[in-house]
Amino acid sequence: MSDNNKNETKKPKFNVFWIYGAISLVLLFFVLNNNTTTESEVSLSKFKEYVPQNDIKEIVMVPNMRLAHIYLTEAALKKEEYKKFSKKKGLSFIGKTPDFSVQYLDLQNFENYLSDQKLRNNLNFTLDVKQQDNTLTDLLLGLLPFVLIIGLWLFFMKRMSGGAGGGPGGQIFNIGKSKAKLFDQNADIKTTFKDVAGLEGAKEEIEEIVDFLKNPDKYTALGGKIPKGALLVGPPGTGKTLLAKAVAGEAKVPFFSLSGSDFVEMFVGVGASRVRDLFKQAKEKSPSIIFIDEIDAIGRARGKNAMSGSNDERENTLNQLLTEMDGFGTNDNVIVIAATNRADILDKALMRAGRFDRQIYVDLPDIRERKEIFEVHLKPLKIKKGLKTGFLSKQTPGFSGADIANMCNEAALIAARKGKKEVEKQDFLDAVDRIIGGLEKKNKIITPSEKRAIAFHEAGHATVSWMLEHAAPLVKVTIVPRGKALGAAWYLPEERMIVRPEQMLDEMCATLGGRAAEKVIFNQISTGALSDLEKVTKQARGMVTVYGLSEKIGNITYYDSSGQESGFTKPYSEKTAELIDSEISDIIEKQYTRALELLESHKENLTRLAELLLEKEVIFSDDLESIFGKRPFKVEAKVNDLEEE
């Protein structure tokens, strides 16, 4: 931090609430003082007993209140009967304090009585009339509600503008200021590129951006320009924000971090003001980096919502962001990094070169990258010797970095729950089951007939997948309820870059094996195949309308990768829609018939497998091999070599 910044932090901050607090204290003091100095009130008859004794020094009448304030002489206050009044006297800012007061009914009659007594008894008290009582106190009490309302308004404005603030007028004037959190070389950011496993391509591009800021002359000497922005795109949990944290830890330049929702406010113009203030701060501290997480909160394509008017606040904020990103020169050395998993809905103007020059796709990790991610997350755990990260990476296809971190944590919790001193391989397998399927519910009440139906359903999945070449290799089958599922078959799908029709059809056939088994054994079907039907319907629709794998429809896709297509209209005619529905139904029914034929030909082994499942509740691929024999397919190596690195 520079000396100037240090001096700035030492300056006392002015806050409007200091003034408000001082006013409140003064008002409170006046009110309390008014209460503590309220004189005692005596009856009119008692007052008439005091008058002839010549103990009264002054009488002040207040006509609007029909009240008379009585002031006693010094000699009278020493008398025993008046000592009770002197004890109640206190300080007052509105003049001397009366000793007591008396209420009268008619001012004229009361004045006549006092004048008569003064002449008759030769009394020497003075008589005065005051038109208004407690004028200052009443005025202050009248202003008190307005002061409280103004104070509450300032308080809520401060809360909406985010935290305590300084500057003239207090935080109320900081509502349009940026909410970005600043990290610099003095900040305690421990994440570096060493903590980011896998993602080699994305990490390489991010490292290059950091190098731009550290050594700009290296690139500008050849006439190149530093890129103005990089957009990190990818599924949730793949490490986009982690990459940004690594940039904050590696770059020796100021790093401004905030979310897209931080620009959103209920007041018109606040979002655009915060964008201007953010870039102003970044330019003042250049070279610097701005990181906007979840940029789709403000970066959605403009004009999509027909209900929003021309004054839409989100669009105004986006317009200001577009202007700022393309408005500063190349020598400002300010780079914007943004992250989103909804790049398809972002505005085209935001995505163009000159704003986000680079789009870095952060994909789900492959088997090699998962191995590296496991090595990072296993470091803090006490692991039993012999556990191989290659085995774990093969057991987690489709897992993101966040899923792997969660799996490692779940494995440690499971081991601790069982009282173990080290985390073992089985704990990790249980953690996979816990994450994918949910918590085991062994106490769930299931009738024997339902349990038998579930066993044959899951045995049907296992049997069909074992007999098909391109179906995913089976790992285990269970009829123990997990989450919403009453049973489950666990597979180890092959990680393919491209998928052929026969592979998709084999997978659909295996998925329909559960319902087919119910039909073969019980000659009945049930609602237990809901998730299976949902899965195969999506696969069949994808084959027909997305991938162009249908013979009837041909080499046509109705998929719109740009996201510009409206959800209210279809890109095909009603006749084509009927043809698509018919083709989807034909594909599913053919695979269902195929599953029925397979199970009919292996009905005896299907029954043996289901009975074994009822007995053990959980069976593995070895049990299927003992019943059906070895699979004659090359994919068999995938199952047998799980223990190998």
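Things worth noting here:
- All-pairs alpha carbon distance profile, the range 484-546, 5 Å steps from 0, percent: 3, 14, 24, 24, 18, 11, 5, 1
- Structural size metrics of the range 341-425, computed from C-alpha coordinates, are Rg and Dmax of 18.1, 57 Å.
- Loop-located trypsin sites (Lys or Arg not before Pro) in the range 495-587 whose Cβ has at most 16 other Cβ within 10 Å (DSSP): Arg496, Lys552
- Set Lys194/Lys371; Lys57/Lys118; Lys203/Lys245; Lys46/Lys84; Lys420/Lys444; Lys46/Lys118 screened for pairs whose C-alpha atoms are more than 20 Å apart: Lys420/Lys444
- By accessible area, using a 1.4 Å probe on protein heavy atoms only, the range 410-555 has 54% of its surface on carbon and sulfur.
- You can think of it this way: the chain between Thr192 and Glu58 has 39.7 nm of extra reach, that is 0.36 nm per residue less the Cα-Cα gap.
- Residues whose placed amide H lies under 5 Å from that of Ile337, excluding near-sequence neighbours: Ala230, Ile290, Phe291, Ile292
- By the compact-protein rule of thumb, 2.2 N^0.38 Å, the alpha-carbon radius of gyration of the range 396-458 corresponds to a ratio of 1.40.
- Computed over the Cα atoms of the range 426-564, pair by distinct pair, the Kirkwood hydrodynamic radius stands at 16.7 angstrom.
- In the range 351-448, chymotrypsin sites (Phe, Trp or Tyr not before Pro) in a DSSP loop with at most 13 other beta-carbon atoms within 10 Å: none
- Residue by residue, the range 337-349 carries 3J(HN,Hα) couplings of 10, 10, 10, 7, 10, 10, 5, 5, 9, 6, 5, 4, 5 Hz when phi is fed to the Karplus relation 6.51 cos²θ - 1.76 cosθ + 1.60 (θ = phi - 60°); x denotes Gly or Pro.
- Loop-located trypsin sites (Lys or Arg not before Pro) in the range 418-470 (DSSP state other than H, G, I, E, B) with a sparse environment of at most 12 neighbouring Cβ atoms within 10 Å: Lys418, Lys421, Lys442, Lys444.
- A simple spin-label model places the labels of Gln359 and Ile446 4.6 nm from each other, with each point 7 Å out along Cα-to-Cβ.
- Here the Karplus curve 6.51 cos²θ - 1.76 cosθ + 1.60, taken at θ = phi - 60°, turns the phi angles of the range 286-302 into couplings of 5, x, 8, 10, 10, 10, 10, 7, 6, 5, 5, 4, 10, x, 4, 4, 6 Hz, with x standing for Gly and Pro.
- Just so you know, the averaged projected area of the alpha carbon convex hull for the range 508-618 sits at 9.3 nm².
- Listed values for the range 604-612 are Karplus-derived 3J(HN,Hα) couplings in whole Hz (6.51 cos²θ - 1.76 cosθ + 1.60, θ = phi - 60°), namely 5, 5, 4, 5, 4, 5, 5, 5, 5, and x replaces Gly and Pro.
The values are calculated or read from the model by the stated rules, or taken from the named source; none is laboratory data. As the structure is a prediction and not an experimental result, all values here were calculated from the model. Heads up, the Cβs are rebuilt from the backbone with ideal geometry, glycines too, and the neighbour counts pull from every protein chain shown. These area figures cover heavy atoms from the full protein model, side chains too; ligands, DNA and RNA do not enter into them. Shrake-Rupley method; radii C 1.70, N 1.55, O 1.52, S 1.80 Å.
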